[in-house]
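See below for the structure under consideration.
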Amino acid sequence: MSNQLFKDVFDFIYNARDIGVGFISNNLILIESTAIMISALLLWGIISILIKTDFINEKADEISDVMQKGKSFQRKSVRAWNQVKLKMASADLLQWKAALLEADAILNEILKMSGYNGSDLSDKLNNMTTAELSNLEDIKEANNICGHIVKEPEYDLSREESIRIGKIYKKALIELNLIDE
């Protein structure tokens, strides 16, 4: 009896393959075309997502960084500094504050990448000397003002003061060979 059951199941499976053969052979071009279109749409979606998430540029920067020993970090920092300059050119007080906070973050990241220890920029600056950064005291003052901006959103900042602080960060970035301006 079990042999008969096995034979019946095997015959059913063997004959079942013939069920779809007629449909597939008659519509093979349509099925292939549909598969190609779906594959193309999925490929387009993957490429779009990679472009929108900047994944490719990040991976290229990582590879470039390894091969060129830090050049991609410098490019990223220059791009970030350009954003700081754009915000400083604005007539909006909030943009000035954001620009100074970004400049502070850029300097913190540079010092971190350079091996300076500390939980924040203030700690890193306290571990430095004026031989390492000539305007160290000015940077400490600028960092202190950025701390006030973070803690007190209504902190009063004049246009002249924000420009002066921006120039302090700029001088430090030039000394650290990050920007050429």
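Only the coordinates and a few stated rules stand behind these numbers; no lab work does. Keep in mind the model is a prediction, meaning the values are calculated, not measured. Neighbour counts run over all protein chains shown; Cβ positions are idealised from the backbone, glycine included.
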Practice problem: Once you've got the GNM for the chain with C-alpha springs shorter than 10 Å, pick whichever of TYR169, TYR155, TYR14 has the biggest mean-square fluctuation. | Solution: TYR14
Self-check item: Compactness of segment 2-52, expressed as Rg and Dmax over alpha-carbon positions, Å
Solution: 19.9, 61
Practice problem: With r as the distance between the Cβ atoms of ASN177 and ILE56 and R0 = 30 Å, compute the FRET efficiency 1/(1 + (r/R0)^6) and round to 0.05. | Solution: 0.60
Quiz item: Given that just one value was derived from the coordinates, which of (1) 1.44; (2) 0.97; (3) 1.03 is Rg/Rh (Cα atoms, Kirkwood Rh)?
Solution: (1)
Quiz item: Extension gain GLN95-SER114, at 0.36 nm per residue separation less the Cα-Cα distance, in nm?
Solution: 4.0 nm
Quiz item: What's the angle, to the nearest 10 degrees (0 to 90), between helix 93-113's Cα axis and the longest principal axis of the chain?
Solution: 80 degrees
Quiz item: Could you give me the ³J(HN,Hα) list for segment 137-142, computed from phi with Karplus coefficients 6.51, -1.76, 1.60 and θ = phi - 60°, whole Hz, x at Gly and Pro?
Solution: 5, 5, 5, 4, 5, 4
Quiz item: Given springs between every Cα pair under 10 Å in a Gaussian network model of the chain, which of LEU86, LEU133, LEU42 has the largest fluctuation?
Solution: LEU42
Quiz item: Which of these, GLY22, GLY115, GLY45, has the largest mean-square fluctuation under a Gaussian network model of the chain (Cα springs below 10 Å)?
Solution: GLY22
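Counting only helical runs of four or more DSSP H residues, what would the 222 nm mean residue ellipticity of the chain come to if each run contributes -39,500 (n - 2.57) and the total is spread over all its residues?
Numbers: 8 runs with 142 residues, N = 181.
Counting only the DSSP helices, I get -26500 deg cm²/dmol.
Just want the ordering: VAL78, VAL150, from fewest to most Cβ atoms lying within 10 Å of their own Cβ. Could the numbers behind the result be given before it?
Working: VAL78 16, VAL150 12.
Going from least to most buried by this count: VAL150, VAL78.
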